[in-house]
Amino acid sequence: MLGALVGTAGSLVQSGWFPGGLLLALLATTGLFYGGRYVTGTQLGVAAPGIGWLVAAIGLSMGRPEGDVVFSAGLGPLAYLLGGMAMAVICATMWRLPQSGSKPGRLEE
């Protein structure tokens, strides 16, 4: 649900306040994906909000039969979609986060 909310808000902000809105939307998207990774410690923490973000962003990019669209044609919406997908992939393929309280090496008996 949070991914869909960030995707919807980012879709509206990125075109309204270009170019600052685009940077703000991409920062929010990156924070969402990294936060999911940090909280869960797994790639599933990126995938769950990523799917919600993608559904909202793609759903808003499709036009209605009346001709109404949220995304306008141009570089900004394309940068938002591709940048958001790139951030999801980057956050999902990061190294594993170190576990707190554990020492590297052998277990003591």
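So here's what we get for this one:
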quantity: Failed criterion for Leu12 (all others in (1) surrounded by fewer than 16 Cβ atoms within 10 Å (Cβ to Cβ); (2) in contact (Cβ under 8 Å) with a residue 12 or more places away in the chain; (3) outside any helix (DSSP H, G or I); (4) not hydroxyl-bearing (Ser, Thr, Tyr) hold); calculated: (3)
quantity: Criterion violated by Gly3 - all others in (1) over 13 Å from Ala88 (Cα atoms); (2) in a helix (DSSP H, G or I); (3) in contact (Cβ under 8 Å) with a residue 12 or more places away in the chain satisfied; calculated: (1)
quantity: Pairs with Cβ under 7 Å, 6+ apart, first in the range 47-70 and at pLDDT 85 or above, second exposed (fewer than 13 other Cβ atoms within 10 Å of the Cβ); calculated: Gly52/Met1
quantity: Complete set of residues in the range 15-46 that are crowded, with 18+ Cβ neighbours inside 10 Å and in contact (Cβ under 8 Å) with a residue 40 or more places away in the chain; calculated: Ser15, Leu22, Ala25, Leu26, Thr29, Phe33, Gly36, Arg37, Val46
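The values are calculated or read from the model by the stated rules, or taken from the named source; none is laboratory data. What you are looking at is a predicted structure, and each value in this text was computed from that prediction instead of being measured. A quick note on method: Cβ atoms are made from the backbone with ideal geometry, for glycine too, and the neighbour counts reach across all protein chains shown.
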